[in-house]
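Single-structure report; data block below.
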Amino acid sequence: MANYRIAVLGDRDSVLGFQALGLSVFPVQDAQQARTTLHRLAQEGYGVIYLTEGLAAELERDIARYQDVPTPAVILIPGREGPQGIGLGNLKAAVERAVGVDIL
């Protein structure tokens with residue numbers, strides 16, 4: 001059984017609190033830095049990457065690259081600005097792909 005690490009990627013204010021939980025945090029300043037970091041974390045073997053919704057809106061293509069592979073699981077979380085509904089929309093789409101119908 002593999003031991004996967006968990007990363008949290010987003011703006012500084014949104015991610016630093018996760019460090020107290022023992023997660024690896026990666027504060028970034030813009031979408032380009034987030035893109036580079038996301039791909040680096042995937043290559044380094046992180047199993048789960050939490051990504052703030054604000055950045056996810058700018059990294060749709062990059063996130064889609066990991067959509068159909070077992071790892072890393074890219075999971076969207078609200079940032080300091082609060083939920084934007086992107087994470088819920090992605091969850092609904094994943095359930096619909098798996099089940100064949102929107103049950104949410």
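The values are calculated or read from the model by the stated rules, or taken from the named source; none is laboratory data. It should be emphasised that the depicted structure is a prediction, and the values quoted were computed from it without experimental measurement. Here Cβ is always computed from backbone atoms with ideal geometry, including for glycine, and neighbour counts include all displayed protein chains. Please note that ligands, DNA and RNA were not included when accessible areas were found on the heavy atoms of the full protein model with its side chains. Shrake-Rupley method; radii C 1.70, N 1.55, O 1.52, S 1.80 Å.
Quick look at the values:
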| quantity | calculated |
| --- | --- |
| Cα-centred dipole magnitude for segment 1-79, charges only on beta-carbon of K, R (+1) and D, E (-1), debye, nearest 20 | 240 |
| Accessible surface of ILE77 - all protein chains present, 1.4 Å probe, nearest 10 Å² | 20 |
